[in-house]
1. Any idea which of 263, 229, 215 is furthest toward the positive side of the dipole for segment 172-289, if Lys and Arg beta-carbons carry +1 and Asp and Glu beta-carbons -1?
2. Could you put 71, 262 in order, starting from the residue whose Cβ has the fewest other Cβ atoms within 10 Å?
3. DSSP beta bridges in the chain, what fraction antiparallel, as a percent rounded to 5?
4. Work out the FRET efficiency for residue 144 and residue 384 from their Cβ-Cβ distance, taking R0 = 35 Å, and round it to the nearest 0.05.
5. Mind running the shape call on the chain? Use the C-alpha gyration tensor, a ≥ b ≥ c as the square roots of the eigenvalues: rounded below 1.5 for a/c, prolate if a/b tops b/c, oblate otherwise.
6. For the chain, what is the relative contact order in percent, using Cα pairs closer than 8 Å and at least 6 residues apart in sequence?
7. Hey, can you rank 91-98, 252-259 by average C-beta count inside 10 Å, highest first?
8. For segment 38-79, list residues with backbone N below 13 Å from a point placed 7 Å from the Cα of residue 264 toward its Cβ?
Amino acid sequence: MTRGVRSVILSAAMTTSEQNFDQLRHQPRVLLGPGPSNLHPRVFQAMSSPVLGYLDPDFLVIMDDTMVLLRRLFQTENEMTITLPGTGMAGMEAAICNVVEPGDEVIVGIHGFFGQRMAEIVERHGGKAIRVEVEFGQVVRADQIESALKSNPKAKMVAVVHGETSSGIGQPLEQIGQLVRQQDKLFLVDTVCSLGGADIPVDRYLIDICYSGGQKCIGGPAGISCITLNDRAMRVIESRSRPVDTWYLDLLLIRKYWFADRVYHHTAPGPLLFALREALRLIEEEGLHDRFARHQQCGDLLKTGLTDLGLELFGDPANRLPMLTCVMIPGGVDDAAVRQRLLRGYGIEIVGGFGPLKGKAWRIGLMGYGCSERNVHYLIAALREILAR
Ligand SMILES: Cc1ncc(COP(=O)(O)O)c(C=O)c1O
């Protein structure tokens, strides 16, 4: 192919993608997958605020303000409540690698894909993951954690995922928190899927470390995560025998940037922070109680609508999440074709199953701004039309 022909093809391709992108600007997707979720217009606007330097006094005020808002969302008094550059996985990696030293034992309650990831990260940082694993669709029982704590008295921490985005199941936390505290261990909880859409009072549930991502029920952008740690957890980190094995997510270094010293650690992702802060302000305006109720009501409406279509919901009915519903694909229905029709015909994104649910289930999210009765009715109507064909 000559250089001329190649450049004509390239420019034609770019034009087409520009056109598609332009169309999406005016007809955005209805994002009903497991995240990211649609953004409130105010969150978008915040993202295009003027850039500020990472030590600009006005930027530092926004950081402080974000900490206050995050403490209210996590329902915690923890001073160390900050954002991290990076997606939810940055929160997961930071929470684990700052605590785990080579040889440390961590009990990981696994009820889906993200619990498995937690165990893998423990091992990558030289720890020993003691897996307490249940079937997809179930939750880890408190008595299982209790016996793991008995058989592994040296374990440093117990880690669980609250909202398993892979199965649509919410892990009860309160009893486990009490057991862990009685044994004087640390309790780590992943709330990437659920924070902002379900009541997770960090202090009352005796959670020592909790993290989340921006782009799901918080209603912010992807690329920024948040984490809170109490003094018990910070003391464990401060008394490590060797520094954390990654520099970038070393919370003792990052703390110096967020608090009095204000020492440069990384260039904070300003637009993402502005957007996250706006999403947190929207949560404040709505009120935590009303926000959780909205997620519950829309989740219930969706489950009723799906059942009325003759579809079967997945997982333990007692612990289904409001913000993420896993529904079985009826026999004879082509998974990919339905999702393609939803996307191309209606602009709706839903996502397929993970692991044992691959090709067998759909995952439907109602998160943050995208969690509305209108979206539920639109999706159910679209599914009804597609499945009737
Ligand atoms: C429960 C849970 N933990 C962690 C993550 C990782 O978050 P991210 O994809 O933002 O890195 C996800 C993402 O879907 C999640 O659902």
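Every number here is computed from the coordinates shown, using simple stated rules; none is lab data. None of the values given here were measured: they were computed from a predicted structure. Note: ideal-geometry Cβ built from the backbone for every residue, glycine included; neighbour counts use all protein chains shown.
1. Positive-end residue among those listed: 263.
2. 262, 71
3. Taking every DSSP beta bridge with both residues in the chain, the antiparallel ones total about 50 percent.
4. Efficiency, rounded to the nearest 0.05: 0.30.
5. Oblate, since a/c reaches 1.5 and b/c is not below a/b.
6. Across the chain, relative contact order equals 23 percent.
7. Ranked by mean Cβ neighbours within 10 Å, highest first: 91-98, 252-259.
8. From segment 38-79, the list is 53-56.
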